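Once you've had a glance at the structure underneath, I'll fire off some questions.
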Amino acid sequence: MLYLSTLLIEEKDIETFDELLDVIRARAKNGEIFIRLDLKPPFPDTPENWEDKVESVFSSYIK
């Protein structure tokens, strides 16, 4: 299971919400099949519907 908090700790170079989506997309392509949204991303450009966007990107790449 991919925890959003763990991903943010491991990927310290992420600076924007779009960069976060790119990393989530890559993790989903590489075999992660579950994601836990355990915190709100701390980026100034994080939209209000961030959960929907993260889940959409993640689920669209699950094999």
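The values are calculated or read from the model by the stated rules, or taken from the named source; none is laboratory data. Note that this is a predicted model, so its numbers are computed, not measured. So basically every Cβ, Gly included, is an ideal-geometry build from the backbone, and we count neighbours across all protein chains shown.
For the stretch 15-35, what are the residues that are β-branched (V, I, T) and assigned to a helix (DSSP H, G or I)?
Here is the first cut: in the stretch 15-35, the residues β-branched (V, I, T) are 16, 23-24, 33, 35.
Within the stretch 15-35, V23, I24 meet the criteria.
Quick test of your reading of the structure: D52 fulfils all but one of (1) at pLDDT 95 or above; (2) assigned to a loop (DSSP other than H, G, I, E, B); (3) exposed (fewer than 15 other Cβ atoms within 10 Å of the Cβ); (4) not small (G, A, S). Name the failing condition by number.
The single condition D52 does not satisfy is (2).
Follow-up question, since we're still on this one. Quick check: anything in the stretch 4-14 touching a residue at least 40 places away in the same chain (Cβ under 8 Å) and part of a helix (DSSP H, G or I)?
Restricting attention to the stretch 4-14, the residues satisfying the condition of being touching a residue at least 40 places away in the same chain (Cβ under 8 Å) are 4.
Keeping just the survivors that are part of a helix (DSSP H, G or I) gives 4.
Yes, that holds for at least one residue.
Given the structure, is E32 surrounded by 12 or more Cβ atoms within 10 Å (Cβ to Cβ), among the charged types (D, E, K, R) and under 17 Å from S60 (Cβ atoms)? Spell out the reasoning first.
Values: surrounded by 12 or more Cβ atoms within 10 Å (Cβ to Cβ): yes; among the charged types (D, E, K, R): yes; under 17 Å from S60 (Cβ atoms): yes.
Against the criterion (surrounded by 12 or more Cβ atoms within 10 Å (Cβ to Cβ), among the charged types (D, E, K, R) and under 17 Å from S60 (Cβ atoms)), E32 qualifies.
OK, next. So in the stretch 26-49, with the set limited to residues that are at pLDDT below 95 and of a type in the set (K, R), which one is nearest to the chain's Cα centre (by Cα)?
My answer is R27.
D38 passes all but one of (1) in a helix (DSSP H, G or I); (2) under 13 Å from L4 (Cβ atoms); which number fails?
All conditions pass for D38, except number (1).
Which pairs have Cβ atoms under 7 Å, sit 6 or more apart or on different chains, and link a residue in the stretch 36-60 that is farther than 16 Å from E15 by Cβ to one that is small (G, A, S)?
What qualifies is D38/S5; L39/S5; F58/A28.
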